[in-house]
1. Please go through the stretch 621-640 and pick out each residue that is open to solvent by less than 10 Å² (accessible area, probe 1.4 Å) and over 19 Å from the mean Cα position of the chain (by Cα).
2. Quick check: is even one residue across the stretch 646-656 at positive phi, surrounded by fewer than 23 Cβ atoms within 10 Å (Cβ to Cβ), in a loop (DSSP other than H, G, I, E, B) and modelled with pLDDT of 95 or more?
3. Would you be able to say whether some residue in the stretch 199-221 is out of contact with any Leu (no Cβ under 6 Å at 6 or more places or on another chain), among the small types (Gly, Ala, Ser) and either at pLDDT 90 or above or open to solvent by less than 30 Å² (accessible area, probe 1.4 Å) (or both)?
4. Of the residues Asp302, Asp340, Asp307, which single one is under 29 Å from Phe500 (Cβ atoms), touching a strand residue (DSSP E or B) at 6+ places or on another chain (Cβ under 8 Å) and either open to solvent by 20 Å² or more (accessible area, probe 1.4 Å) or at pLDDT 95 or above (or both)?
5. So Ala23 passes all but one of these: (1) buried (at least 19 other Cβ atoms within 10 Å of the Cβ); (2) in a helix (DSSP H, G or I); (3) modelled with pLDDT of 95 or more. Which condition number does it fail?
6. Quick one: is Tyr534 of a type in the set (Phe, Trp, Tyr), at pLDDT below 95, under 29 Å from Asn601 (Cα atoms) and open to solvent by less than 50 Å² (accessible area, probe 1.4 Å)?
Amino acid sequence: MKRIFVPVICSALLACTSMRAAAQAQGVDSVIPSPKKIVVHSSTAVEIGSGWKIAVDMTNQDDLFSANYLQQAVKKVSEVTLPVTGLDGSGERILMGNPYTDGFLRVLAENHGIMPGSEGFGQGYTIRATPDRLFVLGNGSAGTFYGAVTASALLRKSESGVSFPDVTVADWPDVEIRAFYGECLADSGYYSDEKQWADLLTRYKFNMWIPPRARRKKGLDGYLQRRHFVLVANTNLLATTFHNRDCIEGVFAHGRLRFVDDVAVPLEESLVLANPGFEVEGLPGWRFTPGHLQEQGKYKWDITDLDSHSGGHAARLQVIAPIVHSSGYLMSDRYDVPADRTFFFSFWGKISGDSGQVTLVARNASKDVVFTVSRSVEAGEWTEYQFPCSTTDLVSTVELYSRVMDAGPLTLWLDDFNVVELDNKLAGVLRTSDTKLEVWNTDKSVKYQEGPDYLVASNGKALNFVSPLEGKRLSLRRVPSGNIPTAGEIAVTYDFAVNFQPPGRYEYCSFADPATYDTFRTALVKPAFGRFDYKYVFLGMDEIRGFNRDGRAEKAGRANCEALAEGINRAVAILKGFNPDVKVMMWDDMLNPWHNGDDENYQLPYGGKPGRTSDAARLLDKSVIPVTWWYSEDCLGTIRNAGPFYRNLGLRYMGGAFAGESNLTEWSRDYEGSLGLIKTEWGDDVSNMNVAAECFWNKVRAPATEPGAESPGG
């Protein structure tokens, strides 16, 4: 068998000027992602007229779909419908299929020297145009389809119907899975429906679409599967709270109450703010402090009687010129607080111009900052802002301050600060088979019984995570014939729900309560697998702020990393009950020593306890696929160290990129062991989809000398 050697031209370079010009004239250089190898034989195009047929194994449904796909592309260009027939050697034909499994195609491919290589996970293909043949050959059914996608992009309308450039194309992907995470953005007008977006992803040779929500339009999975997408279901474990509110991770309350007329009422507040409405002359409880030296003269703090939320005064910050660094501060006194208490802070704010903020600072006994919590004041009229704070056993004092940075001109008003201790208010109480309200004497030597000793009543309202005092609340009534002394004090313990998250985000599920996993199985997993037998599932699990903190977690007695691994592994076990071979993808920031997983105090602002979570990676089921996400253009340790870390643990992993060209390029570098790459969409930003397609199909090779590995947190 005679093989003809022809010089290979890489499409990314096309170093020869004449060949580059020929490729441009033929339109080959416009294909995205760029084929690995292109040979331009001449500038003469092959004419495909109405007498041509598309020949394919009619019993192979995948290849038949590829033939129909190319048939529609020809029709769209020329309005000519080429008939699809079985494989034969007579007449003018577009021959499609896999020569490794079809003897007829193998003979033709070897005679023309166009056997596809074995590279590319069964997704590689070769295209060759001759005067009476157009070969579209794959090393797998997906390869034949991607060959049809490229061939469709090279068709041009001509007098006889369509023309095809006189080229040989050899191509394959470097990355097995090339995924998109996001919506089709129909609401923003980017694409009118999901199928149009799927068509765009197909043209760019993406082969996985991860929906942020569990639901997609009926029929889309089949539409994607025919286009050789790897189907993935989104069954986020953290979403169980939307189906069963009692699954929410609560806060463990240690409250003290006393009975007055046989009704339990809270004891005195343990934290009271001085001069919360700025009505006392001399500003007790507060002070103004200078800001950055370069910003002097651009701002002024004062107490004004020109506007207030209530009373006659409010604190006001006037910024007359843009501030880059920091304005001066409104600072509160520093208050001592008891350990293991949850407080609910609120204030009223109003601003004209840019946004401002109020920040709480929690300090330990050595006056070191343990954590901070901030709430932004947005433009508009007087609005109440709220946030909880749990002291745990690390916090000794708290203080409040307000300032602005990188903002102005503006005017900010603040008024009516308030704080309420939640541990003794019986608000947002969670009651499941695994978490109960318990009532004790003050030294906890006697546990009282509901019914004989006290009665519980509810106000009938639903749980209110954002404002728990306005939602479900319980009340306790002493039974006179019971064991609780008249006018006696009691200690209560219970889990309650309050939202520590920033506005627009919600609390996460309890990893300790069996109800979480029952809800996960019945409300999320069973409906998903009722639609399709998914081989991949996306579990979510990113930025889990506030877990392993309530009474259920305290009974389990696990470190943060152990609780996280337990939750993931139990979810994986449920998924394997529906498909034993399922692969479970999840965001990895809580597992990654170069991301949130390395932060010892990550849980503290959200009522949790200290402890890194990155050690959870060593405890995971090996079917878990961590998806490392990092979206900035700098601090590349997160990108570069993820691969070696997970490979050493025996885990496959994927990389999650965003929109920046530099970020996409860094993620595309040739890391051994990566299963794939994901282009993410956040905030309707789908820019650089073409760059992502290019980088995901054709990986950017690592430089000859790689920078040294960074330490965790680098």
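1. Once the filter is applied, which keeps residues that are open to solvent by less than 10 Å² (accessible area, probe 1.4 Å) and over 19 Å from the mean Cα position of the chain (by Cα), the stretch 621-640 yields only Gly637.
2. Scanning the stretch 646-656, I find no residue that is at positive phi, surrounded by fewer than 23 Cβ atoms within 10 Å (Cβ to Cβ), in a loop (DSSP other than H, G, I, E, B) and modelled with pLDDT of 95 or more, so the answer is no.
3. For the stretch 199-221, residues out of contact with any Leu (no Cβ under 6 Å at 6 or more places or on another chain), among the small types (Gly, Ala, Ser) and either at pLDDT 90 or above or open to solvent by less than 30 Å² (accessible area, probe 1.4 Å) (or both): absent.
4. Being under 29 Å from Phe500 (Cβ atoms), touching a strand residue (DSSP E or B) at 6+ places or on another chain (Cβ under 8 Å) and either open to solvent by 20 Å² or more (accessible area, probe 1.4 Å) or at pLDDT 95 or above (or both) holds for just one of Asp302, Asp340, Asp307, which is Asp340.
5. (3)
6. No; evaluated as a whole, the condition is false for this residue.
Okay, residues lined up against (1) assigned to a loop (DSSP other than H, G, I, E, B); (2) free of Cβ contacts under 8 Å to residues at least 60 places away in the same chain; (3) within 34 Å of the chain's Cα centre (by Cα):
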{"position": "Ile303", "(1), (2), (3)": "no, yes, no"}
{"position": "Ser308", "(1), (2), (3)": "yes, no, no"}
{"position": "Gly311", "(1), (2), (3)": "yes, no, no"}
{"position": "Leu330", "(1), (2), (3)": "no, no, no"}
{"position": "Phe344", "(1), (2), (3)": "no, no, yes"}
{"position": "Ile351", "(1), (2), (3)": "no, no, yes"}
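Yes/no matrix, rows are residues, columns are (1) under 30 Å from Trp682 (Cβ atoms); (2) among the acidic types (Asp, Glu); (3) open to solvent by less than 20 Å² (accessible area, probe 1.4 Å); (4) assigned to a strand (DSSP E or B):
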position: Ala109; (1), (2), (3), (4): no, no, yes, no
position: Ile114; (1), (2), (3), (4): no, no, yes, no
position: Glu119; (1), (2), (3), (4): no, yes, no, no
position: Thr126; (1), (2), (3), (4): no, no, yes, yes
position: Gly143; (1), (2), (3), (4): no, no, yes, no
position: Tyr146; (1), (2), (3), (4): yes, no, yes, no
position: Val169; (1), (2), (3), (4): no, no, yes, yes
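The values are calculated or read from the model by the stated rules, or taken from the named source; none is laboratory data. Fair warning: this is a prediction, and the values are worked out from it, not measured in the lab. Virtual Cβ from ideal backbone geometry, glycine too; neighbours counted across all protein chains shown. These area figures cover heavy atoms from the full protein model, side chains too; ligands, DNA and RNA do not enter into them. Shrake-Rupley method; radii C 1.70, N 1.55, O 1.52, S 1.80 Å.
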